[in-house]
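Heads up, the thing below is written out as structure tokens.
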Amino acid sequence: MVARVIAVEPFIAVVFGATGDLASRKLIPALYHRFQDGQMPPEARVLGVSRRAMSDEAFRGFARESIHAHVAPADLIAETIEAFLAMVGYQQAHADSEEGWPELAERVKHPGRIRLFYLATGPALLVPICERLGRFEMVGDRSRLVVEKPVGKNLGSARAVNEAIGLVFPEDRIYRIDHYLGKETVQNLMALRFANALFEPVWNAAHVDHVQITVAETLGVAGRAGYYDTAGALRDMVQNHILQLLCLVAMEPPTSISADAVRDEKLKVLKALTPITDGLTTERIVRGQYRAGASEGGPVPGYLEELNAGQSRTETFVAIRADIANWRWAGVPFYLRTGKRLAGRVSEIVVAFQPIPHSVFGTAAGPINANRLVIRVQPDEGVKLWLMIKDPGPGGMRLQQVALDMSFATTFNVRNPDAYERLLMDVVRGNQTLFMRRDEVEAAWTWIDPILDAWSNSPDLPKPYTSGTWGPSAAVALIERNGRTWHEDMS
Ligand code: BG6
């Protein structure tokens, strides 16, 4: 199957932090793929910006390396790479001085072209860069700002950042990126829920027992320990990616998939989250920190060794029982879990339905498990619906659990594009549906802040867990306390 590609309008993408990790691993390869698929018009330009002194040619060398390192061998076509690199240039500029800015302003002057300013820098540089973009008159009607998470460290600082960037760019030209929203399976949540009549009638407390959202990683924080130690799993993953997934599962059907219709519904979910305040944190939340262990076949150091510190209160794992106080979800727990250096890399959403009210089968049929809908975000993207089926053959009515299994890789014979490919082109197209609006980010912090406060008032340290396991045993107890278990693939 060939993916349909619609070329976008001519644009210039100005990437701040162009020599950093995100640009190299994600942004440059994503733009290359869009070029390769014919989506970038010939007038498109990519301008890397960072404080490093570098010529256009040297930056093209950096971009070439990043393409070779992060694009699958089948897509490495020398002529295509060179044609793409011919669109790429570089400008040195300092976020906190005027150096390089007049030259930058000169280079982005392409009348009529969409200007996309992508701030792939540390959070502290967002505001100074924005201010200078304004001061050097680079912002016009066709300019768009893309900011990476985290926006702020808590509600107060997020508001301050939003205020400051709002002085330069109006809200409808600010794209707060949460790359989870650009993942194919995450977008499929909307298709699954709103393009099928089957699920919506049972998508509520009368039929759903609980929901699980797991984002597990095998990687540690090596190389990013400096940033990570100021963030932790709650700010790095829950405040954005996991709460966004929760919103897409829990929101009411929007009136359309226009940006504001979807974001209005997500906002209502965030506002309905029951606050987890001081008294509830120990019962509802488990935080952990990895120790040395084994991961992917080899020994790995613990978090403190990677950080090179004797002690840290930063959590690398968090499991939470969240509740949504509205008519649809009252009484349905949402178990959220994320961590580094866990036993496997898996992101999935499990909608666990209620058990049947009464069994007509005798004990010989075996246990009748409740249905589960599993949306596998990564890897092995797909959707599984676990059902009870009769065991084939004679021998009476014996039942077993079997999945209706839709794997994207086997159903669609296309490359699964990286989230950044979709999101970058959405910015050029001016489509904000998959980006976070200011009020969403602030509502998410409103729920997160009391947890951070409770932790900072508590003498407890995160619970240690061995790398290569599923986190502290307390996370198992968190869900088992309510008579449920974390989902394990039953195939
Ligand atoms: C980022 C976090 O937003 O998401 C990282 O800052 C995390 O800590 C990453 O590793 C996970 O993204 P993905 O797409 O690899 O699941």
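Each value in this text was obtained by applying a stated rule to the coordinates, not by laboratory testing. Predicted, not measured: the structure shown is a model, and the values here were computed from it. Ideal geometry is used to build each Cβ from the backbone, glycine not excepted, and the neighbour counts take in all protein chains shown.
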How big, in percent, is the set of alpha carbon pairs in the chain lying more than 44 Å apart? 16 percent
As straight-line cross-link partners of residue 271, the qualifying aspartates and glutamates (C-alpha separation under 15 Å, not fewer than 8 residues apart within one chain) are 252, 323, 439, 440, 442, 449
In range of the label at residue 256: residues from region 179-198 whose backbone nitrogen is under 19 Å from the point 7 Å along Cα→Cβ: 190-191, 194-195
Charged-residue dipole, Cβ positions (Lys, Arg, Asp, Glu), region 233-322 about Cα centre, Debye nearest 20: 200 debye
Among 23, 194, 86, whose Cα sits farthest toward the positive end of the charge dipole of the chain (+1 at Cβ of Lys/Arg, -1 at Cβ of Asp/Glu, about the Cα centre)? 194
Taking the Cα centre of region 304-456 as origin, sum charge times position over the Cβ atoms of Lys and Arg (+1) and Asp and Glu (-1), and report the length of that vector in debye to the nearest 20. 500 debye
Report the one residue of 312, 248, 286 whose Cα lies farthest in the direction of the positive end of the charge dipole of region 245-342 (charges on C-beta: Lys and Arg +1, Asp and Glu -1; origin at the Cα centre). 286
Fraction of antiparallel bridges per DSSP, the chain only, in percent to nearest 5: 55 percent
Too long for a 24 Å Cα-Cα cut-off, among 26/266; 26/149; 26/340, are 26/266
Just want the answer: with Cβ charges of +1 for Lys and Arg and -1 for Asp and Glu, which residue in 59, 138, 69 is farthest toward the dipole's positive end in region 21-154? 138
What's the longest piece of the chain with no exposed GluC sites (Glu not before Pro), counting a site as exposed if DSSP puts it in a loop and it has at most 14 other beta carbons within 10 Å? 297-487
Paramagnetic reach from residue 305 in region 330-357 [backbone N under 15 Å; point 7 Å along Cα→Cβ]: 341
With +1 on the Cβ of every Lys and Arg and -1 on the Cβ of every Asp and Glu, and nothing else charged, how large is the dipole of the chain about its Cα centre, in debye rounded to the nearest 20? 520 debye
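By how many nm would the segment from residue 387 to residue 167 grow when fully extended, if each residue of separation counts as 0.36 nm and the alpha-carbon distance is taken off? Display every interim value, and only then the final one.
Values: separation 220, 0.36 × 220 = 79.20 nm, distance 5.33 nm.
73.9 nm is the gain from fully extending residue 387 to residue 167.
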By the gyration tensor of its Cα atoms, with a ≥ b ≥ c the square roots of the eigenvalues, what is the shape of region 294-388: rounded for a/c under 1.5, prolate for a/b over b/c, or oblate? prolate
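Taking Rh as the Kirkwood radius, which is the inverse of the mean 1/r over Cα pairs, what is the Rg/Rh value for region 14-112?
On the way: Rg = 13.5 Å, Rh = 13.9 Å.
Using only Cα positions, Rg/Rh for region 14-112 is 0.97.
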I need the shape label for region 339-418. Rule: rounded when a/c is under 1.5, else prolate if a/b > b/c, else oblate, with a, b, c from the alpha carbon gyration tensor. prolate
Counting Lys and Arg as +1 and Asp and Glu as -1 over every other residue whose Cβ sits under 11 Å from the Cβ of residue 252, the net charge comes to +1
Regarding region 383-491, what's the average projected area of the Cα-atom convex hull, expressed in nm²? 13.6 nm²
Footprinting proxy, 211, 46: sorted fewest to most Cβ within 10 Å, the residues are 211, 46
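Sort 407, 256, 312 so the one with the fewest other Cβ atoms within 10 Å of its own Cβ comes first. Before the final figure, lay out each step's value.
Details: 407 13, 256 10, 312 17.
If I rank by nearby Cβ atoms, fewest first, I get 256, 407, 312.
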